[in-house]
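One structure coming up, written as structure tokens, with questions to follow.
The values are calculated or read from the model by the stated rules, or taken from the named source; none is laboratory data. These figures come from a predicted structure and were not determined experimentally. All Cβ positions, glycine included, derive from the backbone under ideal geometry; neighbour counts span all protein chains shown.
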Amino acid sequence: MFRFTSMKNSCILYGATGYTGTLIARLAKEKDIPIILAGRSEPKLKQLAFELGFDYRVFDLNDHKTICDNIRAFQVVLHAAGPFRHTAAQMMNACIAEKVHYTDITGEIEVFEMAKSLNEAASKAEIMLLPGIGFDVVPTDCMAQYLYKLLPDATHLQLAFAMEGGRISHGTAITMAENLGSPGAMRKNGKIVAIPTGINTMNVPFQSGKFLFCMSIPWGDISTAYHSTGIQNIETFMAIKPSLYRSNKFIQRYAGSILRSKIVKKLVKFYINSIPAGPSEEERQKGSSHVWGKVWNEKGMEIQARYSVPEGYTFTAMSALHIVQKILAGEVLLGFKTPSAAYGELLVKEICGENFEKL
């Protein structure tokens, strides 16, 4: 049952001038959702705030008291400044101290696990910690919950996604750059274990008559789907061109140590900052995302399902603001929660009207 709280109002969006943060801010203006913009760069914030007619606050995340002073007046923080492994802890701890609900758009396994470790502190502070309210991981988390309810004794879960059209944002690319040469992950017998990225592959029927080649990756559901469903064995996959898969396999085998070097990662980040920040509006409108999942139990019973949602960054903005509106309306569960644990498997239908297709 939701705990209704309305002592404060409005939402502060931190990381508002990043690619995804700006999409969220523009959609908030379009939907007349009250938010305050925040981040480190005053010139960028001032320009965006003037354009959209929002107020703004300038602060960084290096000092706990500064964060607390700037978020105290708000009901919810929407944190959009990644890589979140470097920024989430500071913001979560400030939210706990100031009794402000926390959300973000991460897909990083370690951030979800960190939020879970703060469950008791968040509950005592009477707030919700709800990371991953964008494309990472709302569609896949809802799929996990849907399949689990159809097969409650499932022992294994596989989730896969495919993104068609557009480029990735700078923030996503930098997070990926920091993971260069690092192992992947899966959930095995309830534990997160390291495995080589791409060690497992499959052809996934994302659409009728259309199979796409996928390789295993360390997606956030390795953490969240377990906390949502309790299923003990979880693998996550992403559609990829076979040629890129072969390149990845070669790199993992022969150049992993090189990619882990600070010099290479610095060069990659320099290149990232020299290219467009993310997909254009036209690319986002033409793009789409597909999600598939499968569960099975010890008896050999198996269920598959799929659906499609808007392009990933577009979906993230829609999803994040939809969930923020729920929190502002007082629909809150205390402590650490996953999206489907907080709002159910039909959350995706609420956001974009999509229904599950059971196969």
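Any residue in the stretch 86-97 that is under 10 Å from the mean Cα position of the chain (by Cα) and either crowded, with 23+ Cβ neighbours inside 10 Å or not aliphatic (A, V, I, L, M) (or both)?
There is no residue in the stretch 86-97 that is under 10 Å from the mean Cα position of the chain (by Cα) and either crowded, with 23+ Cβ neighbours inside 10 Å or not aliphatic (A, V, I, L, M) (or both).
Name the single residue that is nearest to Cys11 (Cα to Cα) among those in the stretch 32-54 being in contact (Cβ under 8 Å) with a residue 40 or more places away in the chain and of a type in the set (A, V, I, L, M, F, W, C).
For the stretch 32-54, the residue satisfying everything is Ile35.
Considering each residue of the stretch 300-359, count those that are of a type in the set (Lys, Arg), buried (at least 17 other Cβ atoms within 10 Å of the Cβ) and part of a helix (DSSP H, G or I), and give that number.
1
Can you tell me which residues in the stretch 76-92 are among the aliphatic types (A, V, I, L, M) and either at pLDDT below 95 or touching a Ser or Thr at 6+ places or on another chain (Cβ under 6 Å) (or both)?
Once the filter is applied, which keeps residues that are among the aliphatic types (A, V, I, L, M) and either at pLDDT below 95 or touching a Ser or Thr at 6+ places or on another chain (Cβ under 6 Å) (or both), the stretch 76-92 yields Leu78, Ala80, Ala81.
On to the next question. Given the options Cys68, Cys95, name the one that is in contact with a strand residue (DSSP E or B) (Cβ under 6 Å, 6 or more places away or on another chain) and either at pLDDT 95 or above or more than 24 Å from Gly344 (Cα to Cα) (or both).
Cys95
Another question, if that's okay. Within the stretch 132-141, is even one residue over 24 Å from Ser41 (Cα atoms), in a strand (DSSP E or B) and in contact with a Ser or Thr (Cβ under 7 Å, 6 or more places away or on another chain)?
yes
Count, please, the residues in the stretch 322-350 that happen to be farther than 12 Å from Gly132 by Cβ and out of contact with any Pro (no Cβ under 9 Å at 6 or more places or on another chain).
18
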